[in-house]
Amino acid sequence: MDFIELRVKAPGELSDILVAELAEVGFDTFEDNDEGFCAYTTEDVFNPDDVAEIMSRYEGLGELEYSHRTITRQNWNAEWEKNFQPLVIADKVSVRAPFHPARPDLPYEIVIMPRMSFGTGHHDTTALMIENQLTIDHQGKRVLDMGCGTGILAVMAVHLGAASVLAVDVEPWTAENAADNAAENHVQDRVEARLGDVTALEGEAPFDIILANINRNVLLEDMGTYGQYLKVGGPILFSGFYEEDLPLIRTAAEQAGFTYESMRTSNHWVSAVFRK
């Protein structure tokens, strides 16, 4: 299935409002840029009338332009290779493509080729999750990566010493991509990529660590299930939502038996750490 990219030109405060509105009509991945942001959803979910109705409500509040295009699975690599630049996170983690030079001066390196999934480290939420991962003891741990995308967080977990990672995503090509990237980083023996949502966890024993970089609505819907699959004392790292959504996430997390510990923010995005 193809993706829809909605490119929106809008000032900062209006962009924040529009992101929240678009999340309610199926857009679940957002990337900020100098002019506004891009939003992504699958072709089957996209409804141009919903988008037009949202945009019409905010006309006159600032310069607002938008357009959309279809991105096919076949052309994603070409688009990504044309625009992707190597990235360094927290002065410790190099994120690069196979065609970029290595960074042996940094303690960690992740090589990512994303196909049609998202999560190259360039989005604030992914970088924030990795920064939080650097503060968590992964040594010998069993880790769950929900909404794994490219598998970047799963690879990072193994680099930090995790014994095994179950990486789960609802998109078939994403699960394939996570498996390929695990192999690219020589950690395929410790990363299992599985297709599905939280129901794919049935029969699994509780995990030592859970990573969940998805979006606000999915996190809220699945919070109770996360509570069932995390060991007592274990950390759970969330991202994929804005600062104003943290109270909702925190309330749901506390109802599921988690205790809030800390958060990091970047461009209004949040990654929060809780513990069971």
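What net charge do the residues around Tyr242 carry, taking every other residue with its C-beta under 9 Å from that of Tyr242, with Lys and Arg at +1 and Asp and Glu at -1? Don't skip to the end; give the middle numbers.
Working: positive: Arg216; negative: Asp16, Glu243, Glu244, Asp245.
Here the count lands on -3.
Have a look at Ser15, Ile4, Leu248 and report the one farthest towards the positive end of the charge dipole of the chain, computed about the Cα centre with Cβ charges (Lys/Arg +1, Asp/Glu -1).
So the residue we want is Leu248.
Check which residues have an amide H placed less than 5 Å from Asn47's amide H, if you skip close sequence neighbours.
none
Rounded to the nearest 20 debye, what is the charge dipole size of the range 170-276 about its Cα centre when +1 sits on each Lys and Arg Cβ and -1 on each Asp and Glu Cβ? Kindly include the intermediate steps, with their values, before the conclusion.
Values: 8 positive and 17 negative charges, 93 e Å.
For this selection, approximately 440 debye.
In debye, nearest 20, what is the charge dipole magnitude of the chain about its Cα centre with +1 on Lys and Arg Cβ and -1 on Asp and Glu Cβ, if you could check? Let's see the in-between values first.
Working: 20 positive and 46 negative charges, 229 e Å.
Once rounded to the nearest 20, the dipole reads 1100 debye.
Ignoring ligands, DNA and RNA, how do His138, His186 rank by accessible area with a 1.4 Å probe, largest first? Working shown, then result.
Details: His138 0, His186 150 Å².
Result of the area sort, largest leading: His186, His138.
Over the chain, calculate the relative contact order: mean separation of alpha carbon pairs under 8 Å at least 6 apart, over the residue count, as a percent.
Values: 555 pairs, mean separation 36.5, N = 276.
Once divided by the residue count of the chain, the mean separation gives 13 percent.
Can you divide the C-alpha Rg of the range 1-45 by 2.2 N^0.38 Å and report the result to two decimal places?
Details: Rg = 10.2 Å, N = 45, 2.2 N^0.38 = 9.3 Å.
The range 1-45 yields a ratio of 1.09.
Looking at the range 1-50, which GluC sites (Glu not before Pro) are DSSP coil and have at most 12 other C-beta atoms within 10 Å of their C-beta?
Working: sites: Glu5, Glu13, Glu21, Glu24, Glu31, Glu35, Glu43; in loops: Glu24, Glu35, Glu43.
Within the range 1-50, the qualifying GluC sites (Glu not before Pro) (loop, at most 12 other Cβ atoms within 10 Å) are Glu24, Glu43.
Of Ala200, Ala157, Ala23, which has the largest mean-square fluctuation in a 10 Å C-alpha GNM of the chain?
Ala200
Select from Ala193, Val270, Asn215 the residue farthest towards the positive end of the dipole of the range 167-276; place +1 on Cβ of Lys and Arg, -1 on Cβ of Asp and Glu, and compute about the Cα centre.
Result: Val270, furthest along the dipole toward the positive end.
Using the heavy atoms of the protein chains alone and a 1.4 angstrom probe, what is the accessible area of the chain per residue in square angstrom? Intermediate values should be presented prior to the final figure.
Details: 12170 Å² over 276 residues.
Per residue, the chain has 44 Å² of solvent-accessible surface.
Using a 7 Å offset from the Cα along the Cα-to-Cβ direction at both Ser262 and Ile17, what is the distance between the two label points in nm, to one decimal?
3.5
Considering Cα pairs under 8 angstrom that are at least six residues apart, work out the relative contact order of the range 120-196 and quote it in whole percent.
Computed value for the range 120-196: 29 percent relative contact order.
Under 5 Å between amide hydrogens, which residues at least 5 positions from Ile112 or on another chain qualify, with H placed 1.01 Å from N in the peptide plane?
Placed amide hydrogens put Arg96, Ala97 under 5 Å from Ile112.
Would you mind telling me the share, in percent, of accessible area of the chain contributed by carbon and sulfur at probe 1.4 angstrom? List each step's numbers first, then the result.
Working: 5670 of 12170 Å².
C and S atoms contribute 47 percent here.
What residue among Met113, Met156, Met55 has the largest mean-square fluctuation in a Gaussian network model of the chain, using Cα springs under 10 Å?
In this elastic network of the chain, the residue with the biggest mean-square fluctuation among Met113, Met156, Met55 is Met55.
Just to be sure I understand the model, the point goes 7 Å from the Cα along the line to the Cβ. What's the resulting Arg190 to Thr72 distance in nm?
A separation of 3.9 nm, rounded to one decimal place.
Any chance you could run the full-extension gain for Ala163 through Glu204? It's 0.36 nm times the residue separation minus the Cα-Cα distance, nm to one decimal. List each step's numbers first, then the result.
Details: separation 41, 0.36 × 41 = 14.76 nm, distance 1.57 nm.
Extra length from Ala163 to Glu204 when fully extended: 13.2 nm.
Which one of Gly36, Gln139, Ala154 is farthest out on the positive end of the charge dipole of the chain, using unit charges on Cβ (Lys, Arg +1; Asp, Glu -1) and the Cα centre as origin?
Checking the options against the dipole of the chain, the answer is Gln139.
The values are calculated or read from the model by the stated rules, or taken from the named source; none is laboratory data. All values reported here derive from a predicted model rather than from experimental measurement. Quick reminder, even Gly has a Cβ in these numbers, built from the backbone with ideal geometry, and neighbours come from all protein chains shown. Side chains included, ligands, DNA and RNA excluded: accessible areas come from the protein's heavy atoms. Shrake-Rupley method; radii C 1.70, N 1.55, O 1.52, S 1.80 Å.
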